[in-house]
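Reviewing the structure listed below.
Rule-based calculations on the coordinates, nothing more; no lab input. Treat the numbers as computed from the prediction; the structure is a model and nothing was measured. So basically every Cβ, Gly included, is an ideal-geometry build from the backbone, and we count neighbours across all protein chains shown.
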Amino acid sequence: MLRTAFASLPPLITVIVALILSASLGVLAAVFPPAALVLAAALVIGSFGFAARTHSLNMSILYLLIFMIVFTSAIPRGRFLPVIALNELFLILALGLAVLYTLVYRRRIHLPGALVAAIAFLMVGTVLAPLLSYPLRGETLSFSSILELVAPLQYLGLFWLFAVIPQTLEEKRALIQLLLLCASVAALIGLLQAANIGPVFSFLESWYPSSQQGAAAETARVTSVLAAWNALGMFLSVNLLLISAIYPDESRPLYQWNMRVATVLLLACLVATNLYSGLITFVVGFILIKMLDPRGLRIAAAFAVLGAIAALIQLPSILQRLSFQLQSNSFLPQTLEYRLAVWQEVFFPLIAKHLWWGVSPDFSNLTFGFPESQYIFLLFRSGLVSLAAFLLWLLILMVWLWHRSRVMAPSFERSLLIVVFVQLVTFSLVGLINPVFTYSGSIDILWIVLGLIASTQLTSTESTNEQLKGSKWREPQ
């Protein structure tokens with residue numbers, strides 16, 4: 001009877017329960033951090049204990065994890081524990097659950113070979129190789145440097161969790177909708193910040209301190225719970241691309257309204273970030289999505305109208321930012337001109353001396369400690385070997401996603417494939433002037449959706465084959 005009662009819970013109720021538990025976790029973290037850690041462990045253990053009765057409670061772990069990614073990733077490490085951040089601790093606990101889940105229930109995951117190869121190249125080239133190369137060169141790595149080098153492993157963990165636990169299409173839809181809901185809350189906080197609401201500033205200064213958060217008001221920009229306008233802008237852009245792709249696939253009124261509200265808040269907050277690369281990512285990404293899947297093209301008019309309204313409301317801050325960018329006599333924006341100077345004076349001379357294996361795993365000893373480019377970031381931290389591994393990961397993954405999207409019929413699964421493909425294309429371009437593959441929030445979404453794609457390829461093969469019968473689309477041999 002208990003099993004039937006839990007199993008009959010609709011996804012929305014499960015999401016609401018997860019949000020209540022997440023809020024409780026956040027309050028405890030603020031008042032008494034040890035209690036928050038105990039609650040997090042209890043949720044994981046309890047979820048696994050109830051797994052025999054219902055799979056939906058395992059999904060609560062993923063709902064909580066999404067909440068933690070959005071709202072705790074930018075809280076500085078050491079706020080609650082000396083070494084590990086709260087979201088990292090919860091990820092480790094969730095991974096423990098996933099391992100137990102796969103062992104006890106013998107859930108087999110046969111990932112596509114191309115996907116495994118791409119991820120293996122990335123992890124070996126950007127994690128294992130630098131971890132070995134620095135000691136072999138006689139350089140001692142500090143504990144913080146080791147943490148920086150192994151950071152990409154958390155994305156592998158995210159991918160594994162979202163590939164293992166979700167089993168149905170409805171579960172995947174609910175996860176995406178919760179992600180959009182959390183993004184809406186983050187955007188709303190950003191808009192309140194843009195409106196100079198005092199308590200919001202105090203809240204952000206207390207829980208999400210950063211140099212950008214402190215300078216946000218002076219530069220007419222917003223940072224919200226991501227603590228940086230560049231991370232926030234890319235996060236908002238990726239969520240808007242998700243909406244652009246999956247909106248034609250969602251018929252539930254509740255999901256449609258969730259996406260409509262998210263569109264308004266995300267687009268307005270994206271304009272408030274004054275992040276040109278974020279705006280360009282969204283515009284170019286939207287065009288690419290509709291070239292690959294023209295369904296729902298009418299949403300472009302809504303985006304244009306909403307964007308124009310948001311721009312008019314925030315016109316003073318936009319003009320202030322534009323004036324700053326055009327203050328030099330060069331035809332290049334001021335920030336790009338500054339980047340070129342920093343690369344030439346700070347980074348290129350050092351990289352040239354240590355081209356193959358990198359200069360240092362961190363940037364603390366530099367006069368300007370921000371590489372401002374994904375590719376320069378990799379060259380400086382772990383050298384040409386690391387950059388080659390990253391580019392190989394990018395190429396293999398894009399080819400695989402392109403092939404899969406071309407042989408699938410229009411569907412929610414195909415829309416997710418397209419979103420990841422477009423994110424990789426746009427991020428690889430924006431990566432020239434921003435290390436976007438290291439930004440919290442947006443890069444987490446890439447690995448979450450990639451995990452859902454991997455799971456979809458395994459759980460929906462038979463249903464996909466049925467859909468493809470008699471159509472012009474064909475499944476690859």
Along the Cα-to-Cβ line of residue 136, 7 Å from the Cα, sits a label point; which residues in the stretch 358-377 have backbone N less than 17 Å from it?
-> 358-361
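For the stretch 189-289, which GluC sites (Glu not before Pro) are both in a DSSP coil and crowded by at most 10 other Cβ atoms within 10 Å? Numbers along the way, then the final one.
Values: sites: 205, 218, 250; in loops: 218, 250.
When the GluC sites (Glu not before Pro) of the stretch 189-289 are filtered for loop state and at most 10 Cβ neighbours within 10 Å, 218 remain.
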Return 88, 139 ranked ascending by Cβ neighbour count within 10 Å, so the fewest neighbours appear first.
-> 139, 88
Per-bin percent of Cα-Cα distances, the stretch 177-302 [10 Å] | 14, 43, 29, 12, 1
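Quick one: length gained pulling residue 143 to residue 167 fully straight, 0.36 nm per residue minus the C-alpha distance? Intermediate results must be reported in sequence, preceding the final value.
Working: separation 24, 0.36 × 24 = 8.64 nm, distance 3.81 nm.
Here the segment from residue 143 to residue 167 would lengthen by 4.8 nm.
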Once Lys and Arg are counted +1 and Asp and Glu -1 for all other residues with Cβ under 13 Å from that of residue 86, the total becomes +1
Radius 14 Å from Cβ of residue 375, net charge of other residues (Lys, Arg +1; Asp, Glu -1) = +1
For the stretch 343-397, what's the radius of gyration and Dmax over Cα atoms, in angstrom?
-> 11.2, 36
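Taking the Cβ of residue 150 as the center, what net charge do the other residues with Cβ under 14 Å away carry, scoring Lys and Arg +1 and Asp and Glu -1? Walk me through the numbers on the way to the answer.
Numbers: positive: 77, 381; negative: 88, 148, 362.
Its environment carries a net charge of -1.
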What's the percent breakdown of Cα-Cα distances in the stretch 111-181 across 10 Å bins, shortest bin first?
-> 16, 35, 27, 16, 6, 0
Between residue 201 and residue 367, the two model label points (7 Å from Cα along the beta-carbon direction) sit apart by a distance in nm of 3.3 nm
